[in-house]
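Enquirer: Pasting in a structure now, in structure tokens, and then I'll have a few things to ask.
The numbers here are math on the coordinates, done by the rules we state, and not lab data. Nothing here was measured: the structure is a model prediction, and the numbers come from that model. Don't worry about glycine lacking a Cβ; one is built from the backbone with ideal geometry, like all the others, and counts go over all protein chains shown.
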There are 2 protein chains.
Amino acid sequence: MQNTPPSASSTPARVALTTGDPAGIGPELLAKLLVEIAGDSAHDVTVFSTADELDRAFQHAGLVSERRRVEQSANVRIVDTGFDFSGMPVAAASEAGGKWAIDHLDLALRAHEAGEIDAVVFAPLNKSSLHLAGMHENDELRWLENRLGTRGTVSELNAIAGLWTSRVTSHVSHRNAPMLITAEKVASVARLLHTYLVASGVPAPRLAVCALNPHGGEGGKFGTEEIDEIVPGIAAAVADGLDVTGPFPADTVFLRARDGDFDGVVTMYHDQGQIAMKMIGFDGGVTIEGGIGVAVCTPAHGTAFDRVGKGTAALNSMRNAYEIARSLAAASESLTVR
Amino acid sequence: MQNTPPSASSTPARVALTTGDPAGIGPELLAKLLVEIAGDSAHDVTVFSTADELDRAFQHAGLVSERRRVEQSANVRIVDTGFDFSGMPVAAASEAGGKWAIDHLDLALRAHEAGEIDAVVFAPLNKSSLHLAGMHENDELRWLENRLGTRGTVSELNAIAGLWTSRVTSHVSHRNAPMLITAEKVASVARLLHTYLVASGVPAPRLAVCALNPHGGEGGKFGTEEIDEIVPGIAAAVADGLDVTGPFPADTVFLRARDGDFDGVVTMYHDQGQIAMKMIGFDGGVTIEGGIGVAVCTPAHGTAFDRVGKGTAALNSMRNAYEIARSLAAASESLTVR
């Protein structure tokens, strides 16, 4: 485990940006973000796209008049990937859109491997498009894990309003989740959350761990995973020097976290954290692909096909994804745990 | 299934009140409630307690000066149960407290069986006290079910800010919940929620049903309970003429419900609903013991031993429990479903 705080480097983090699914609101969010940061030397971004896609992105964002200024800014580098954008659907899932999203994300990762950028932000992907394009993994994180050959623990992390979560299980059935909860996994996912919080600028993160069962199992009455796995997992993380407490019944721990008692919550299954986090705030949420040795972030929302091209898509989540990626960038090499 | 709307009776609903665990904040909440409604002919309450317990209740509430007025009000009937209150602990779980809570609740149910009251509200119970007193059921609802010989479907219902939930499974382990989710149970728990919402004054309740698995199972990729049980259960409820839609992924359906798209949400497991409901509002929540043929309600919060006797315990949930019990009282006989 690495606890390196973010370096106070004088040069800004170099962040790669991709448009995600080109049929969704991703391209117009990218355009909005570029308009905000173009010309500000605190920012250094590299955009992987094409002239055609950017034409549409700035049109959809209602920001055509800003495009020239953005492209002439010294802190915005646009890499024209030369991919064929002709006939790319709007506001619909497609194989072409899925392939575009994957191929551009891959180019951003290559740029990281070549040492040219420090972090990656991709705009929202569309699961149907990805499946049509042949992605067989259950989620983007598994794809990234395979693409990068990650060996350590990975977990999708979620952040909203300063509160972060990690997951011991994620895109698996309710029925299968308990079998995947081990003390080792609880400890490593706590370490992962700690590592990311430190990297993002929280020097001594206070972590809570959720119970799996209602009322925390009531001493084994409604399930024994707390006793058998979660408590030993917490003990292992504490033995490493982490500030980790629990297990807490899941229906009240998020109230305490929201009220500032904790910086992060280790969840046992997908909806446990996601129900709470989306109640805290849908707009502004960020997904962080945790444990892959490079800072990769994306807005928590989807492609919102019903809002494409209306200029109304809110930038909050995309902006927050970019800001978190920047904060993590200096620590990218430490973003793995055993 | 009964759809009888609440009758516009000219005589107020007769509501029995008990103090719950005498060591908690229940007695003082009862005193506060009595002070609010004493002398108002729109209310008709019967309190099961003792002079000693009420002494302490009004002291803890800081309302000793109001007691005489309350006891002389025509609309407040106090039944002195003659139980021995001497040495009753304060702010601690005990066998005596658990036994007191059970015995007084039992007296209220007897009064209902004798036709003397229409609904019951009990102040918060304490699970440890109940266990010490020999309650072996997993929760109060199972105890009530056994006590009353209920044959139909039961479900704990939760209400906060006008939104209600019911549960297909409740106090069981995460691991066992999927086995208990059947199409028949989904349909009957939807009917139960519909029945209670109608009885409480919502003429045409709009119900949403949660999926069990993350992302609603993604077409069977992460679990098949949606396909095998939940969708057929919804279809059965719809065939009965209910307005029921779903299954919806659980991490977004509560946002829609909170924003007014639904009056009720059928949940698949305890924390699915409770995480969301407690994020919507901890203060003011009500638990309704659903399906037992008599309106029985209680505040959603606990005995709050750390706040006993400070006069600071908020009345909101107790008041809301009383108001929901009143609204359900006229329809008590219809509060069962097959």
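Enquirer: Round to the nearest 10 and give me the degree value, 0 to 90, for the angle of helix A:51-61's Cα axis relative to the longest principal axis of chain A.
Expert: 70 degrees
Enquirer: Using only Cα atoms, locate the centre of region A:286-300 and the centre of region A:108-176, then give the distance between them in Å, rounded to an integer.
Expert: That distance is 7 Å.
Enquirer: Related question: Relative contact order (percent) for region A:249-338, with alpha-carbon contacts under 8 angstrom and 6 or more residues of separation? If you can, show how the numbers build up before the last one.
Expert: Numbers: 86 pairs, mean separation 24.4, N = 90.
Value for region A:249-338: 27 percent.
Enquirer: Determine the equivalent ellipsoid of region A:261-301 by diagonalising the alpha-carbon gyration tensor, then write out the semi-axes as square roots of 5 times the eigenvalues, largest first, rounded to whole Å.
Expert: Values: eigenvalues 67, 40, 21 Å².
Result for region A:261-301: semi-axes of 18, 14, 10 Å.
Enquirer: On average, how many beta carbons from a partner chain sit within 10 Å of the beta carbon of a residue in A:205-216? Please report the intermediate quantities before stating the final value.
Expert: Values: counts 0, 0, 0, 0, 0, 2, 2, 4, 10, 15, 7, 0.
Average neighbour count from other chains, rounded to a whole number: 3.
Enquirer: ³J(HN,Hα) across region B:170-182 via Karplus (A = 6.51, B = -1.76, C = 1.60, θ = phi - 60°), whole Hz, x for Gly/Pro?
Expert: Each residue's phi maps through the Karplus curve to give 9, 8, 9, 5, 3, 5, 8, 4, x, 5, 8, 8, 10 Hz.
Enquirer: Mind telling me which of B:THR312, B:THR165, B:THR267 comes out most flexible in a GNM of chain B, alpha-carbon contacts under 10 Å?
Expert: B:THR312
Enquirer: Taking amide hydrogens as modeled 1.01 Å from N in the peptide plane, which residues meet the under 5 Å criterion relative to B:ARG167, leaving out close sequence neighbours?
Expert: Residues meeting the criterion, in which the H sits 1.01 Å from N, are B:GLU156, B:THR267.
Enquirer: Taking springs between alpha-carbon atoms closer than 10 angstrom, which of B:MET268, B:MET277, B:MET179 fluctuates most in the Gaussian network model of chain B?
Expert: Highest fluctuation among the options: B:MET179.
Enquirer: Rounded to the nearest 500, what is the 222 nm mean residue ellipticity of chain B from helices alone, with -39500 (n - 2.57) per DSSP H run of 4+ residues and division by all residues? Provide the component values of the computation, followed by the final result.
Expert: Values: 11 runs with 123 residues, N = 338.
Using -39500 (n - 2.57) per qualifying helix, the result is -11000 deg cm²/dmol.
Enquirer: Tell me, Kirkwood radius of region B:161-249 from alpha-carbon pair distances, in Å?
Expert: Values: mean 1/r = 0.0749 Å⁻¹.
One decimal place: 13.4 Å for the Kirkwood radius.
Enquirer: So what's the angle, to the nearest 10 degrees on a 0 to 90 scale, between helix A:270-280 and the longest Cα principal axis of chain A?
Expert: Tilt of helix A:270-280: around 70 degrees.
Enquirer: Here is a further query. Number of Lys pairs in the protein assembly as shown with C-alpha atoms less than 14 angstrom apart, excluding same-chain neighbours closer than eight positions?
Expert: Numbers: A:LYS32/A:LYS310; A:LYS99/A:LYS127; A:LYS127/B:LYS221; A:LYS221/B:LYS127; A:LYS278/B:LYS278; B:LYS32/B:LYS310; B:LYS99/B:LYS127.
Lysine pairs, 8 or more places apart or on different chains, close enough: 7.
Enquirer: Label position 7 Å from Cα toward Cβ: report the copy-to-copy distances for B:ALA239 in nm, one decimal, ordered from shortest.
Expert: 5.6
Enquirer: Related question: Largest first and in whole Å, what are the equivalent-ellipsoid semi-axes of region A:200-327 based on the Cα gyration tensor, each being the root of 5 times an eigenvalue?
Expert: Working: eigenvalues 194, 67, 31 Å².
The three semi-axes for region A:200-327 are 31, 18, 12 Å.
Enquirer: Starting from a Cα-only point model with no solvent, please compute log10 I(q)/I(0) by Debye for chain B at q = 0.13, 0.14, 0.15 1/Å.
Expert: Here log10 of I(q) over I(0) equals -0.94, -1.07, -1.20.
Enquirer: Work out from phi, with θ = phi - 60° and the Karplus expression 6.51 cos²θ - 1.76 cosθ + 1.60, the ³J(HN,Hα) of each residue of region B:78-92, listed in order in whole Hz, and give x for Gly and Pro.
Expert: So the J values, rounded to whole Hz, are 10, 9, 7, 7, x, 6, 8, 9, 4, x, 5, x, 10, 6, 8.
Enquirer: Another question, if that's okay. Largest first, please: the extent of the C-alpha atoms of region A:24-99 along each principal axis, to the nearest Å.
Expert: Principal axes ranked by extent give 37, 23, 17 Å for the Cα atoms.
Enquirer: Continuing with the same structure: What per residue convex hull volume, in Å³, comes out for region A:97-241 when only alpha-carbon positions are used?
Expert: Hull volume over Cα atoms, normalised by residue count, gives 147 Å³.
Enquirer: Quantify how strongly other chains surround peptide A:60-73 by giving the mean number of their Cβ atoms within 10 Å of each of its Cβ atoms.
Expert: Values: counts 0, 0, 0, 0, 0, 0, 0, 0, 0, 0, 0, 0, 0, 0.
Mean inter-chain Cβ contacts per residue within 10 Å come to 0.
Enquirer: Taking A:GLY220 in one copy and the same position in all the others, each labelled 7 Å out along Cα→Cβ, what are the pairwise distances from the first, in nm, shortest first?
Expert: So the label point of A:GLY220 gives 4.0 nm to the other copies.
Enquirer: Another question, then. Of the beta bridges DSSP finds with both residues in the protein assembly as shown, what % are antiparallel, to the nearest 5? The partial results should precede the final answer.
Expert: Numbers: 22 of 78 bridges.
For the protein assembly as shown, the DSSP antiparallel bridge percentage is about 30.
Enquirer: Which one, B:VAL64, B:VAL154, B:VAL294, has the greatest fluctuation when you compute a Gaussian network model over chain B with C-alpha springs under 10 angstrom?
Expert: B:VAL64
Enquirer: If I fit a long axis through the Cα atoms of helix A:316-329 and take the longest principal axis of the Cα atoms of chain A, what angle between them do I get, 0 to 90°, rounded to 10?
Expert: For helix A:316-329, the angle is close to 70 degrees.
Enquirer: For a quick check: with amide H placed at 1.01 Å from N, whose amide H comes under 5 Å from A:SER49's, ignoring anything fewer than 5 positions away on the same chain?
Expert: A:VAL79, A:THR81
Enquirer: List the equivalent ellipsoid semi-axes of region B:14-140 in whole Å, largest first, each obtained as the square root of 5λ for an eigenvalue λ of the Cα gyration tensor.
Expert: Values: eigenvalues 108, 62, 25 Å².
Those come to 23, 18, 11 Å.
Enquirer: Also, quick follow-up: Quick one: compute a quarter of the convex hull surface over the Cα atoms of the protein assembly as shown and quote it in nm².
Expert: 31.1 nm²
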